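What follows is one structure encoded as structure tokens, with my remarks underneath.
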């Protein structure tokens with residue numbers, strides 16, 4: 001779970017992560033903590049879309065117009081936005097809405113931004129995503145894939161950047177996502193309750209320690225947290241220089257073909273995730289060991305479900321990987 005989150009932060013184009021697991025296993029806590037590992041971002045002051053100061057792809061239309069007119073723009077540093085999407089959210093709340101009354105009476109296009117606007121350049125977290133309306137999940141996945149959100153009402157259209165890491169979590173007991181929606185998530189992690197008594201005690205003690213004195217606990221892990229933060233920033237900076245040999249790309253596609261994975265998303269995401277993992281380990285060339293670490297996370301949720309099969313899909317992916325790449 002932690003690895004999938006870190007890799008998505010290094011390369012948001014991986015396409016987000018779906019985390020399924022037993023209740024009380026710390027899914028939400030871990031997801032909300034990832035925002036603290038990210039460096040602050042520079043945004044245009046008083047801009048609802050967290051527009052980038054120089055990248056056109058990450059700017060709202062009004063900022064582009066100001067730049068084209070040569071107007072001065074002030075910027076500020078903010079923490080990476082971490083937006084929670086509530087289960088009862090409406091489409092207008094998610095996408096934003098156009099004030100039709102103002103448009104008709106005053107002839108002004110007034111856009112009330114939604115959660116997708118606030119999540120631009122940040123993380124959008126959907127707890128219990130398997131209970132969310134399929135139509136809304138579709139909208140979220142479309143925006144996450146394209147990086148844009150378009151709102152159209154009564155012939156008026158507004159488009160704004162919506163680049164975010166989509167993170168969903170849920171409990172499989174409450175139902176699974178439809179396969180075509182699940183396939184749209186880049187990675188999938190499964191969390192099980194810890195069975196080892198000594199580890200359970202360690203977790204309980206750590207939690208009690210945090211409850212009694214949170215600041216002391218945060219200080220204790222500050223150095224470790226800073227080290228992880230530096231690793232992520234370094235990986236982001238060298239990611240574009242990481243390459244993957246043609247032979248390895250062919251073998252990744254061979255694994256996808258052997259597992260009968262529909263479409264090409266599995267191949268694309270595995271290539272991206274392997275590069276991100278190599279960058280995370282300060283390498284500029286992807287090795288077989290890098291692919292081995294990420295391939296189950298990228299493919300386990302794309303396999304066709306056989307109701308009579310008891311084998312774990314992650315184990316199946318690893319078995320096929322070893323057959324094709326060798327058990328090195």
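Assorted remarks:
- Cα pair distances of region 1-67 binned at 10 Å [whole percent]: 17, 35, 29, 16, 3
- Each part gets one Cα centre, and for region 285-306 versus region 147-163 those centres are 34 Å apart.
- Three principal axis extents describe the C-alpha atoms of the chain; from largest down they are 67, 50, 42 Å.
- Between residue 148 and residue 234, residue separation times 0.36 nm minus the direct Cα-Cα distance comes to 28.2 nm.
- Choice from 95, 256, 217 showing the highest fluctuation, given a GNM over the chain with Cα pairs closer than 10 Å: 217
- Here r is the Cβ-Cβ distance between residue 110 and residue 281 and R0 is 41 Å; the resulting FRET efficiency, rounded to 0.05, is 0.25.
- Computed FRET value (nearest 0.05) for residue 250 with residue 2, which takes r as the C-beta separation and R₀ as 30 Å: 0.50
- Candidates 313, 253, 62, ranked by Gaussian network fluctuation over the chain, Cα under 10 Å, top entry: 62
- Helix 288-299 axis, angle to the chain major axis (alpha carbon atoms, nearest 10°): 60
- Whole-angstrom gap from region 216-273 to region 47-119, using each part's C-alpha centre: 30
- Label sites at residue 29 and residue 216, each approximated as a point 7 angstrom past Cα along Cα to Cβ, lie 1.8 nm apart.
- With the helix formula -39500 (n - 2.57) applied to DSSP H stretches of n ≥ 4, the chain reaches a computed 222 nm mean residue ellipticity of -13500 deg cm²/dmol.
- Placing a label point 7 Å from the Cα of residue 22 along the Cα-to-Cβ direction, the residues of region 169-191 with a backbone N closer than 13 Å are 172-173, 191.
- In the chain, the longest principal axis of the Cα atoms and the axis of helix 134-146 are about 90 degrees apart.
- The slack between residue 74 and residue 205, meaning 0.36 nm per residue of separation minus the straight C-alpha distance, is 42.5 nm.
- Relative packing of 81-88, 182-189, which averages over residues the other C-beta atoms within 10 Å, highest first: 182-189, 81-88
- Extension gain, residue 157 to residue 180: 0.36 nm times the residue separation minus the Cα-Cα distance gives 5.5 nm.
- To the nearest ten degrees, helix 246-258 and the longest principal axis of the Cα atoms of the chain are 80 degrees apart.
- Where labels lie 7 Å past Cα in the beta-carbon direction, separation of residue 324 and residue 196 in nm: 3.2
Quick note: the coordinates plus some simple rules give every number you see, no bench work behind them. Everything numeric here is computed off the predicted structure, so don't read it as measured data. In this analysis, Cβ positions are derived from the backbone assuming ideal geometry, glycine residues included, and neighbour counts consider all displayed protein chains.
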